[in-house]
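Have a look at the structure below before the remarks.
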Amino acid sequence: MSTPNTIPEALLPTSVYEEEQLVHGGLNFHDVTEVVARPTEEKTPIAWYVAFALALGVLGIFGASILYLIWEGTGIWGLQQPVGWGWAIVNFVFWVGIGHAGTLISAILFLFRQKWRTSINRFAEAMTIFAVACALTFPGIHVGRIWFAYWMFPLPNQMGMWPNFRSPLLWDVFAVGTYGTVSILFWYVGLIPDLATLRDRAKTKARALIYGILSLGWRGSMRHWVHYEKAYLILAGISTPLVLSVHTIVSFDFAVSVVPGWHTTIFPPYFVAGAIFSGFAMVVTLMVVARQVFGFKDLVTLNHLEKMNKIILLTGTLVGYAYGMEFFIAWYSGNEYEAFAFVNRAFGPYAWAYWIMISCNVISPQFFWFKKMRRSIPVMFALSIFVNIGMWFERFVITMTLHRDFLPSSWGYYMPSIWDILTFIGSFGLFFTLFLLFLRFLPAIAIAEVKGVMPEADPHHGHGHHGEVRHAEHVEAH
Amino acid sequence: MSQNHNENRSELLPIEENGKTYWRSLDHVAGTSEFRDFVAREFPEGASELNDPVSRRSFMSLMGASLALAGLGTGCVRRPEEKILPYVRRPEDLVPGLPQFYATTMAVSDMVTGLVVEAHEGRPTKIEGNRLHPASRGGACTFEQAAVLSLYDPDRTVRVFQDRVEKSWADFDAYLDGLLQKFRGNGGNGLVIVSESSASPTFARLRRQLTEALPQARFFQWEPVSNERVLAGTRLAFGQPLEPVYRLERADVIVAVDADLFGSGPFHLRYSRDWASRRAPDAPGGMNRLYAVEPVFTVTGASADHRLRVRSSQIGPFLRALAAELQGQGVAIPAGIAQAGQGAWQKFVQALARDLAAKRGRSLVAVGRFQAPEVQAIAWAINDALGNLGETVRFAQPADVPAIAPTEAIRQATALLDGGNVDTLVVLGGNPVYDAPADVPFAAAMQKAKNRIHLTQAPNETSALAQWVLPETHFLEEWGDAVALDGTWSLVQPLIRPIWDGRSKIELLARLAGSQQTKGYDLVRATFLENQGSEADWRKALHDGVVDGTSRRWVEATLDAGSAAGAAGRLAAPKDGLELVFLVDNKVYDGRFANNGWLQELPEPTTKLTWTNAALMGPALAEKLGVKSGEMVRLEVGGRSVDAGVWVQPGTADDTIAIALGYGRTFAGRVGNNRGFNVYPLRTAEGAWTATGASATKIAGTALLAATQDHHSMEGRPLVREANLRDYEQNPYFAREMVQHPPLVALWKQHEYTGQQWGMAIDLNSCVGCNGCMVACQAENNIPIVGPEQTRMGREMHWIRLDRYFASANAADPTDLTDAEVVFQPVTCMQCENAPCENVCPVAATVHSKDGGLNDMVYNRCIGTRYCSNNCPYKVRRFNFFDWHTKGTGTGGNPLTDVEKMKFNPDVTVRTRGVMEKCTYCVQRINAAKRDAKVSGLEKVPDGAITPACAQTCPTEAIVFGDVNDPNSRVSKLKKQPRNYEMLAEFNTKPRTSYLARIRNPNPELVS
């Protein structure tokens, strides 16, 4: 034992200090397992059935809307000239954006050793995958001839045709496809130790068999852990650039065009910030409910939520900066079409949407400057919903830029049809159906990872001195 | 010349296989009384049920069909059954796959235009103007071009019906013989014939024959839109009815006084062309100057250098004030004409008078057919004093003018019918029940006739009151002849055997007249040989479509100054208060084309309204009435009232509401029923064009008006570039200098464009915005219609459109559109060399062709992401949101019948749902010309061998197409002109279509 370190607690960075308190309620390893695993093993509560039935109903609306779309054609939507993209693309970008929080929490925060991520990463990753599933539906169904949508993939064919590699839509196919694949892998690899835990706790043969297959023979040996940690680290490394690339490329759908109001270089960073913003807001929305219902309050503490709210504040302000900068550049560029597009956004026929966006995305997060607000469950729940609404409207405002471009003769006004609305609502059915299944059958919090950041996991736990010194040792260990 | 070949081919017509006959064959299966009713109904396609999708009748018919499908054992999968019959003996000149062209003539009341019709395997598909015909000179207007759609209209009269029960011609002939026997006995007493007007010499001959055979029979010709006021005006001025024919190419100053020279009326295509020939700034003889004085915008007013808003009832005082000013300029106006005016227009009148006085013999004051004869007479006095008679206007003796003018004719016919002594009424074409003057109760009177016979192309409001409804042939199915305004004799020859076993007017008239000949061919040929020459001449006339040297001898007209002055004195002092102006519609004319989807969906040139008319009023009046566009207003005149939707139209005269005739039809068919508002109930014989003392009040309700353009300002963008002549002379390159941009560089290596490369130049100076190109494109390229609801959503499919922008004439307040200037700009795919649409398509469905450098659209490859359309700066791409050919209003949601399918141009793909489409520069024509050039051993396609449909039909030749790599081609020469500019070229799209800037030639006195 070296000389006791005597750095006072007050001087230590908060994160280090708080790491010690990531899990509240005096839970030990067993308690953590119990808390997380129990919801998947207990008798299914009636409330779950009710929620699931509701979600399935909404999913039914989604399915029916899509079937009708395929039967009749994209004309059932409000699309027209000059607005060739409507709610389908708005929803696509909206869902992809929500999907961003997962990778950010899993990968970037992991690489930055932000241990508070462990309580929420599983949840956020699941959300990512389900959001990406919702997102991927839209570009598939929004095309005029759905039965040929697969032509967007570079498949060998008798026509000898490649897709057009200059098209941002094709880049989208690769970007979102990669993102979806890596996210699923990442999520699944993270799940393996916990699936093994469920297998070991299984009371029925069926459960043992299914979880046994899914856990790929995990026994928790040292060798398994070494490989697991390496694989996890590599996947985190692969995912990190994806956080930036996916929404960058989604933003290219707009930025690469010549449409005034779309053709701007700020789009990639602005889209990424917006995506993280909306993703975190969605995690907060869902987490606030889930920790209440499933009793995860000791694992997902107010400290976690506060940290997320800080990120919401940061990214919301970034997005606000981007809105302002767009206006500045539109004026500074001296391009009359560009300048008109932005003035028209704020004061034209869609001004209502623009100001909803500004209120929700720029003004509402500013409440998080106050600690009390950051730590108030009702406030954060309400604000996170506002942010979700605001971010949907951001995509709406961007897409609707089409309604007035170069030739005033072709200007129009887009109105969604009932089918636009039903399809959008229906996509929440898909999301919640998957989410409820996830909550019912899989551990919603990464058991192994949470244990890893508990004091008991520290090799020095229980051996050294107690009190303030322990913090110092911990710092040294890193 | 095509008759034999058509007869050979008629067996191949799929009439017997179409939906109708198919239903009828179920009769044996279903056998119910309802079903029999359905089959025998006058409107067998269920025209009246269309708006009610689950009526009992359509339910029964569906039930019948399902029953039959089950019982007839056709199985679950029905594949189209196609029989291919080879020719045993191939008709001469017919190569399957190659179109044939025949000359013919179409007459829309007195608008007679020579045409050349393209036919594919016996199906006419495309109508173009006949270069040899003086009214056309190669151009064709919207009515003529859209006629091909009416030919295949499933709502036509398809059988002979008596009291809505199907009969045959044999039944009718037996019936008619019975009647005629009686009439021959009593000299025709009790026989009344009401016919459409006709420009046919054969018709006139048979009419005379009829009057000789049955002297007691009464013959009336009624037409809601006619030149009766023009004839009355010349009678007042010159003592005899004369047909004025303008020579705009000779006029330096043209004053169109409530005259839509370019929009409607006989010779409007020719007038546009003659005017445009003097429109280029370097035109020989200098640029002409056009003044328009009118109550509501017409295409003529939109093309004018100066336009004055004048209420219709003020036109007379305006002319008298002009005469007074001219007197001041030393022009010898006869006494009693001039009357010094007062008011806002004085400055305009003074400047105009000075301009006219300086151009004696080279000016023209043209008054439209809607003004009172007295007003016309004043104008003739002015023209006479200016020495214009014989110079810029010539007079022709009208041939075969009925003794009674149409309005008087319908009045007399109605009075006779109302008297109850009419035994038999024969209505030859037309629709007097719908369009007779409001104070002439024709409909009520008609029902007092014992026997009522209506020969009609399609059942209409009049047929609904007739007992016998007879199918009339379309002009593409019949033999005929017609005389144009200047007397040119031309022939109507059929392109196809009558699809529905119809007879033409002359054939029925010949029967009534007891003629030996009853075949159209024999009748027309007999008239020809009698008047125009030999068998050889006949063959040549058939080939050319026109008879050489038949234009009328011009009449020397001498002004009867006293009569003209008397007329001027009789002119009633204009009353204050609201007045109503009735317009001839640019799309449905007087209502006869209401069931033509191409015309219905065409945007009206100045309002851009489709599928409807509207009460047009200026912004000030709208404010006074408290109404906005799309709200409803009740119009009242003389105790009659009509409710109509409001459209605020800049440039409308004060206290004037203008509304087009021809809408609100109730028996037009599935396309035309209940579109817009019927204003015939307000139109009296006296107030046929202008009704004073009207009132308008706002009422509850919304009119869903479908306009293709919602925004009317150019927002200060350099899209249509224009300058005054003087500024142009100082800086001819003004248009190119309007946009400054850095050098345009590309990121990657550009395509190389060698060999023949296609391009287009559109002269905004000569475009009058007539819409001719839009219908030409629609017919050539199989473009579907989408219906009013979809048009309101912005889903119309036109590949070429005419953008119309208003600019305020008020320099102080650019938002004040009380007085407005208008510009038109035809916009179609620019075929950009750097096409923004191409690189965004994920599946490479729109790509550049190396050969010709076109931006090609590969329909089969398109999956419909619509990204290309978003990225098109010109927004010229059109998307098939639905399967428009079955979903568009044209079919009421039913699949196309085989007859409707006959309209398609086989050289152009019919696009499916979910793909993007756009202008191709008529690539099918390019390829045909390249093939022909290759066959002829030419290395290159000669200049002028390719003419896209839009360019072909343009009456002013504003659109020129050709090889931009050939410095000697017409298009290259135009592109070298200083006026040439490319729209949005600063985005480096390198458009192949460029525009020639518009030059206005204003009177320097009126330029502030």
Discussion item. Considering only residues that are of a type in the set (Ser, Thr, Tyr) and within 9 Å of chain B (Cβ to nearest Cβ), which ones fall in region A:249-271?
Written reply: A:Ser257
Worksheet item: Of the residues that sit in region B:846-865 and are touching a residue at least 24 places away in the same chain (Cβ under 8 Å), in contact with a helix residue (DSSP H, G or I) (Cβ under 8 Å, 6 or more places away or on another chain) and not β-branched (Val, Ile, Thr), which one is farthest from A:Gly86 (Cα to Cα)?
Response: B:Gly852
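Rundown of residues vs (1) crowded, with 24+ Cβ neighbours inside 10 Å; (2) in contact (Cβ under 8 Å) with a residue 60 or more places away in the chain; (3) out of contact with any helix residue (DSSP H, G or I) (no Cβ under 7 Å at 6 or more places or on another chain), yes/no style:
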{"residue": "B:Trp275", "(1), (2), (3)": "yes, yes, no"}
{"residue": "B:Pro281", "(1), (2), (3)": "no, yes, no"}
{"residue": "B:Gly285", "(1), (2), (3)": "no, no, yes"}
{"residue": "B:Ala292", "(1), (2), (3)": "yes, no, no"}
{"residue": "B:Thr298", "(1), (2), (3)": "yes, yes, yes"}
{"residue": "B:Gly301", "(1), (2), (3)": "yes, yes, yes"}
{"residue": "B:Arg307", "(1), (2), (3)": "yes, yes, no"}
{"residue": "B:Ser313", "(1), (2), (3)": "yes, yes, yes"}
{"residue": "B:Leu319", "(1), (2), (3)": "yes, yes, no"}
Worksheet item: Can you name the condition, by its number, that B:Asp544 falls short on among (1) acidic (Asp, Glu); (2) in contact (Cβ under 8 Å) with a residue 60 or more places away in the chain; (3) closer than 30 Å to B:Phe238 by Cα?
Response: (3)
Worksheet item: With A:Gly412, A:Gly334 as the choices, which residue is within 11 Å of chain B (Cβ to nearest Cβ), at positive phi and not β-branched (Val, Ile, Thr)?
Response: A:Gly334
Worksheet entry | Enumeration of residues in region A:317-363 that are among the small types (Gly, Ala, Ser) and within 17 Å of A:Gly412 (Cα to Cα) | A:Ala341, A:Ala346, A:Gly348, A:Ala351, A:Ala353
Item to complete: Look at region B:184-210 and say how many of its residues are surrounded by fewer than 21 Cβ atoms within 10 Å (Cβ to Cβ) and of a type in the set (A, V, I, L, M, F, W, C).
Response: 1
Worksheet item: If you go through region B:506-521 one residue at a time, do you hit one that is hydroxyl-bearing (Ser, Thr, Tyr) and surrounded by 22 or more Cβ atoms within 10 Å (Cβ to Cβ)?
Response: no
Discussion item. If I go through region B:961-993 residue by residue, how many of them are under 27 Å from the mean Cα position of the chain (by Cα) and surrounded by fewer than 23 Cβ atoms within 10 Å (Cβ to Cβ)?
Written reply: 0
Worksheet item: Can you name the residue in region B:332-374 that is small (Gly, Ala, Ser) and surrounded by fewer than 17 Cβ atoms within 10 Å (Cβ to Cβ) and, of all such residues, is modelled with the lowest pLDDT?
Response: B:Gly343
Worksheet item: Quick one: what pairs do we get from region A:164-178, first residue without any contact (Cβ under 8 Å) to a residue 60 or more places away in the chain, second surrounded by fewer than 16 Cβ atoms within 10 Å (Cβ to Cβ) and of a type outside the set (D, E, K, R), C-beta under 8 Å, 6+ apart or different chains?
Response: A:Val173/A:Phe153
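Condition check ((1) buried (at least 24 other Cβ atoms within 10 Å of the Cβ); (2) in contact with a Ser or Thr (Cβ under 9 Å, 6 or more places away or on another chain); (3) assigned to a helix (DSSP H, G or I)) across all residues:
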{"site": "A:Leu59", "(1), (2), (3)": "no, yes, yes"}
{"site": "A:Gly63", "(1), (2), (3)": "no, no, yes"}
{"site": "A:Leu67", "(1), (2), (3)": "no, no, yes"}
{"site": "A:Ile70", "(1), (2), (3)": "no, no, yes"}
{"site": "A:Gly84", "(1), (2), (3)": "yes, yes, no"}
{"site": "A:Val90", "(1), (2), (3)": "no, yes, yes"}
{"site": "A:Trp95", "(1), (2), (3)": "yes, yes, yes"}
Item to complete: Among residues belonging to region B:522-557 that are among the aromatic types (Phe, Trp, Tyr) and assigned to a helix (DSSP H, G or I), point out the one that is farthest from B:Ile333 (Cα to Cα).
Response: B:Trp538
Worksheet entry | Count - residues of region B:558-586 that are assigned to a loop (DSSP other than H, G, I, E, B) and over 32 Å from the mean Cα position of the chain (by Cα) | 10
Worksheet item: Of all the helices (runs of 4 or more DSSP H) wholly in region B:751-843, which have at least 3 residues that are in contact with a strand residue (DSSP E or B) (Cβ under 8 Å, 6 or more places away or on another chain) and within 14 Å of chain A (Cβ to nearest Cβ)?
Response: B:788-792
Worksheet item: Condition test on B:Leu495, is it assigned to a loop (DSSP other than H, G, I, E, B), aliphatic (A, V, I, L, M), in contact (Cβ under 8 Å) with a residue 24 or more places away in the chain and closer than 30 Å to B:Ala385 by Cβ?
Response: no
Worksheet entry | Criterion (under 30 Å from B:Asn988 (Cα atoms), of a type in the set (Lys, Arg) and either free of Cβ contacts under 8 Å to residues at least 12 places away in the same chain or surrounded by fewer than 16 Cβ atoms within 10 Å (Cβ to Cβ) (or both)) met by exactly one of B:Arg717, B:Arg721, B:Arg726 | B:Arg717
Discussion item. Criterion first (farther than 26 Å from A:Trp87 by Cβ and small (Gly, Ala, Ser)) does A:Ser167 satisfy it?
Written reply: no
Worksheet item: So which residues in region B:635-687 are farther than 30 Å from B:Tyr805 by Cα, in contact with a Phe, Trp or Tyr (Cβ under 7 Å, 6 or more places away or on another chain) and among the aliphatic types (A, V, I, L, M), if there are any at all?
Response: B:Val642
Item to complete: Kindly indicate the residue of region B:844-853 that is under 15 Å from B:Asn871 (Cβ atoms) and part of a loop (DSSP other than H, G, I, E, B) and also farthest from the other protein chains (Cβ to nearest Cβ) among those meeting that condition.
Response: B:Ala845
Item to complete: Examine region B:91-113 for a residue that is at pLDDT 90 or above, closer than 30 Å to B:Asn451 by Cβ and of a type in the set (Ser, Thr, Tyr), and state whether such a residue exists.
Response: no
Item to complete: Could you grab me the full set of residues in region A:110-163 that are under 21 Å from A:Ala55 (Cα atoms) and in a loop (DSSP other than H, G, I, E, B)?
Response: none
Practice prompt. Report yes if A:Met159 is at pLDDT below 90 and surrounded by fewer than 14 Cβ atoms within 10 Å (Cβ to Cβ), otherwise no.
Written response: yes
Discussion item. Would you confirm, using the coordinates I've provided, whether B:Pro895 is touching a His at 6+ places or on another chain (Cβ under 6 Å) and either on the phi > 0 side of the Ramachandran plot or not in a strand (DSSP E or B) (or both)?
Written reply: no
Response to the item:
Selection from region A:35-57 of residues part of a helix (DSSP H, G or I) and among the charged types (D, E, K, R) yields A:Arg38, A:Glu41
Worksheet item: Scanning for something assigned to a helix (DSSP H, G or I), without any contact (Cβ under 8 Å) to a residue 24 or more places away in the chain and crowded, with 24+ Cβ neighbours inside 10 Å, does region B:381-389 turn up at least one residue?
Response: yes
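The values are calculated or read from the model by the stated rules, or taken from the named source; none is laboratory data. Because the structure is predicted, anything quoted here is derived from the model rather than measured. We place every Cβ from the backbone using ideal geometry, glycine too, and count neighbours over all the protein chains shown.
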